[in-house]
Amino acid sequence: MENKQQSNGTTKENNSVKNKTNWSGSLILASLTGAFGSSFLYGYNLSVVNAPAGYIKKFYNETWERRYGFSMDEGTLTLLWSITVSIFAIGGLVGAIIVTPVVKFFGRKCTLVLNNVFAVAAALLMSLSLLAGSFEMLILGRIIMGVDAGISLSALPMYLSEISPKEIRGSLGQVTAIFICIGVFTGQVLGLPEIFGQESRWPFLFGAIIVPSLIQAVILPFLPESPRYLLLEKHNRSKAEKAFQRFLGKDDVSHEIEEVLAECRVQRNTKMVSIIQLLRTRAVRWQIVTVVVTMGCYQLCGLNAIWYYTNNIFSESGIDRETIPYVTLSTGGVETLAAVFSGLVIERLGRRPLLIGGFGLMVVFFGVLTVSLTLQNTVHWLPYLSIFCILAIIASFCIGPGGIPFVLTGEFFQQSQRPAAFMIAGTVNWLSNFAVGLLFPFIQAGLQTYCFLVFAGICFAGATYLFFVLPETKNKTLHEISQAFAKRNKVTLEMQEMNHYPGQRKSSEGQESNFTSSVDNGETKKGIV
């Protein structure tokens, strides 16, 4: 009995030591550097066009008049501005489509490093557009910046999910969402009149994009590639071991190597799958549907509508027009704090309650906001309730729906399926983003304040689906997550392991010895993928 207690004490102590070593310096540096040059820029480019909008429209009009001798009509100006804002999503869609072959060929880390070429090129085009007298340069820069965002929003979560231990996979995955929020907030701060929010300074807002890109391009090459990519796709065991050692901060990584090799043995009969193959695979059917639903709701849940109404609601509350930009910073601050809170509690509470709870709270606050906006001219204190609802909706979004969809996409799929899965997720994300930008003005014009009921319905549908379908993935291996979906996919676990990639089965026994030999020798042999 005494020995048993001593053994339990030793186990707890070992677990404690293990937990302490989860966050190594290399792991923290890789996640922060990766996010700063990737998801930060995505968030920054969402908000950076708001502050100088009036100055940019004036630049468009002056350029047009200088070229053609007459002023641009209001309809053309509105169209050009809409294109400037929404074309970012088109670039993002292109990036999401090309990311699969890119991450397969270059690897996760190298893709993030090379992606900075797009960011730097976009920053130069946009920041020099005023000097060159060409608004086409600004629009082209927005497209290229969208490509950068489309690639990074798939490559970064993929990289983070593959370098992190499962005990902190959710927290590390939330770094993507946290830096999106920090990027939005930074764009708001730099757009203040005292900084770059002036007619002569707005190009500097776009030139600032170069700073995070260069920092990432300088630091990230000195950090390891994803060890799972090195082991599963490059079959280089020695490099994978070194990468694990640096990311986990310990010398003995045999357990982690064995875990990855166990996944290798399941995948040994397969090649990297295409999107079509993944969609045809019954064993991951409900995982794909869940990713599509969460990514769709991520964009369609109404945050864009909130940003549209913010200035008007603040104005109705009696806040001076000159003061509104400073008060708007509170939305960016709440967004960032909520995302950080989510990152701190996700490994304790789990993905499921944060995601379902976030959408559920959004439904409640959208309903209250609809009532307060409809009646705000009749009761003097209702505008303040509207402000509270805006901040509450933003916080509800950021504690769950704002980052967890990216985490789930990395957790649901095997190494060979992950690039195709992220391409599907990215495509849904950017198409939904574009749809919101295109349709929201019409929804708002037709329904006025009642447009928020549409978003409440979307959030309710998403929460209901996730309540009945989504299993908890906290601290679970891919095998355990697949097992949770097996019954719903109508496959046995054995069938699931054999049926991940239809039409590519080979004989098992002889191949296993060849596969193990190739990995142990750190080289790839023909016929073994």
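The values are calculated or read from the model by the stated rules, or taken from the named source; none is laboratory data. Here the structure is a predicted model, which means the values were calculated and not measured. FYI the Cβ positions are ideal-geometry reconstructions off the backbone, even for glycines, and counts take in every protein chain you see. Note: areas computed on protein heavy atoms with side chains; ligands, DNA, RNA excluded. Shrake-Rupley method; radii C 1.70, N 1.55, O 1.52, S 1.80 Å.
Check 232, 214 and return the single one that is open to solvent by less than 40 Å² (accessible area, probe 1.4 Å) and at negative phi.
Working: 214 fails: open to solvent by less than 40 Å² (accessible area, probe 1.4 Å).
On inspection, the qualifying residue turns out to be 232.
Does residue 340 count as over 20 Å from residue 436 (Cβ atoms) and open to solvent by 30 Å² or more (accessible area, probe 1.4 Å)? Working first, answer last.
Working: over 20 Å from residue 436 (Cβ atoms): yes; open to solvent by 30 Å² or more (accessible area, probe 1.4 Å): yes.
In short, yes.
Specify which of the listed residues (416, 396, 386) is open to solvent by less than 30 Å² (accessible area, probe 1.4 Å), modelled with pLDDT of 90 or more and either among the hydrophobic types (A, V, I, L, M, F, W, C) or assigned by the TED database to the domain that holds residue 481 (or both).
Working: 416 fails: modelled with pLDDT of 90 or more; 386 fails: modelled with pLDDT of 90 or more.
That would be 396, the only listed residue that is open to solvent by less than 30 Å² (accessible area, probe 1.4 Å), modelled with pLDDT of 90 or more and either among the hydrophobic types (A, V, I, L, M, F, W, C) or assigned by the TED database to the domain that holds residue 481 (or both).
For residue 219, work out the one condition from (1) of a type in the set (Val, Ile, Thr); (2) surrounded by 20 or more Cβ atoms within 10 Å (Cβ to Cβ); (3) at pLDDT 85 or above it doesn't fulfil.
(2)
Regarding the range 371-383, can at least one residue be identified that is open to solvent by 50 Å² or more (accessible area, probe 1.4 Å) and closer than 30 Å to residue 166 by Cα?
To start, the set of residues in the range 371-383 that are open to solvent by 50 Å² or more (accessible area, probe 1.4 Å) comprises 371, 374-375, 377-378, 380-381.
Filter once more, so that each one left must be closer than 30 Å to residue 166 by Cα: none.
Looking through the range 371-383, none of the residues is open to solvent by 50 Å² or more (accessible area, probe 1.4 Å) and closer than 30 Å to residue 166 by Cα.
Can you tell me which residues in the range 89-119 are more than 25 Å from residue 234 (Cα to Cα) and either outside any helix (DSSP H, G or I) or open to solvent by less than 40 Å² (accessible area, probe 1.4 Å) (or both)?
89, 91, 92, 93, 119
Filter the range 356-370 down to the residues that are buried (at least 16 other Cβ atoms within 10 Å of the Cβ) and not hydrophobic (A, V, I, L, M, F, W, C) and list them by number.
Across the range 356-370, the qualifying residues are 357, 358, 360, 370.
List the helices (runs of 4 or more DSSP H) that sit entirely inside the range 1-77 and contain at least 2 residues that are modelled with pLDDT of 90 or more and open to solvent by less than 80 Å² (accessible area, probe 1.4 Å). I'd like the intermediate steps shown before the answer.
Working: elements: 2-20, 25-36, 39-47, 53-68.
The helices (runs of 4 or more DSSP H) meeting that bar are 25-36, 39-47, 53-68.
Being open to solvent by 60 Å² or more (accessible area, probe 1.4 Å) and either closer than 18 Å to residue 384 by Cβ or among the basic types (Lys, Arg) (or both) is the filter here, so list the residues in the range 324-337 that pass it.
Residues of the range 324-337 that are open to solvent by 60 Å² or more (accessible area, probe 1.4 Å), as a first pass: 326, 337.
Selection gives 326 alone.
How many residues are over 35 Å from the mean Cα position of the chain (by Cα) and among the aliphatic types (A, V, I, L, M) when one looks only at the range 364-390?
To start, the set of residues in the range 364-390 that are over 35 Å from the mean Cα position of the chain (by Cα) comprises 375-381.
Those left that are additionally among the aliphatic types (A, V, I, L, M): 375, 379.
Going through the range 364-390 one residue at a time, the tally reaches 2.
Among (1) in contact with a Leu (Cβ under 7 Å, 6 or more places away or on another chain); (2) in contact (Cβ under 8 Å) with a residue 40 or more places away in the chain; (3) open to solvent by 10 Å² or more (accessible area, probe 1.4 Å); (4) not charged (D, E, K, R), which single condition is residue 152 missing?
For residue 152, the failing item is (3).
Please find, among 258, 194, the residue that is open to solvent by 30 Å² or more (accessible area, probe 1.4 Å) and either under 18 Å from residue 169 (Cα atoms) or not assigned by the TED database to the domain that holds residue 158 (or both). Write out each step before concluding.
Values: 194 fails: either under 18 Å from residue 169 (Cα atoms) or not assigned by the TED database to the domain that holds residue 158 (or both).
From the options 258, 194, the qualifying one is 258.
Go over the candidates 385, 447 one by one and state the one that is out of contact with any helix residue (DSSP H, G or I) (no Cβ under 6 Å at 6 or more places or on another chain), part of a helix (DSSP H, G or I) and hydrophobic (A, V, I, L, M, F, W, C).
Values: 385 fails: out of contact with any helix residue (DSSP H, G or I) (no Cβ under 6 Å at 6 or more places or on another chain).
Sole residue among the options that is out of contact with any helix residue (DSSP H, G or I) (no Cβ under 6 Å at 6 or more places or on another chain), part of a helix (DSSP H, G or I) and hydrophobic (A, V, I, L, M, F, W, C): 447.
Could you please give the count of residues in the range 126-140 that are open to solvent by 30 Å² or more (accessible area, probe 1.4 Å) and either assigned to a loop (DSSP other than H, G, I, E, B) or free of Cβ contacts under 8 Å to residues at least 12 places away in the same chain (or both)? Break it down stepwise before answering.
Step one: list which residues in the range 126-140 are open to solvent by 30 Å² or more (accessible area, probe 1.4 Å), which gives 128, 130-132, 136-137, 140.
This time we only want the ones that are either assigned to a loop (DSSP other than H, G, I, E, B) or free of Cβ contacts under 8 Å to residues at least 12 places away in the same chain (or both), so: 128, 132, 136.
Residues meeting the conditions: 3.
Select from the range 445-465 the residues that are open to solvent by 30 Å² or more (accessible area, probe 1.4 Å) and not aliphatic (A, V, I, L, M) and list them in ascending order. Please lay out each step first, then the result.
To start, the set of residues in the range 445-465 that are open to solvent by 30 Å² or more (accessible area, probe 1.4 Å) comprises 445-448, 450, 453-454, 457-458, 460-461, 464-465.
446, 448, 450, 457, 460, 464, 465 - these are the residues of the range 445-465 that are open to solvent by 30 Å² or more (accessible area, probe 1.4 Å) and not aliphatic (A, V, I, L, M).
Taking the condition modelled with pLDDT of 85 or more and open to solvent by less than 20 Å² (accessible area, probe 1.4 Å), does residue 296 pass?
So residue 296 fits the description; yes.
Out of 136, 162, 167, I need the residue that is farther than 30 Å from residue 473 by Cβ and among the charged types (D, E, K, R). Which one? First the steps, then the outcome.
On the way: 162 fails: farther than 30 Å from residue 473 by Cβ; 167 fails: farther than 30 Å from residue 473 by Cβ.
Answer to the check: 136.
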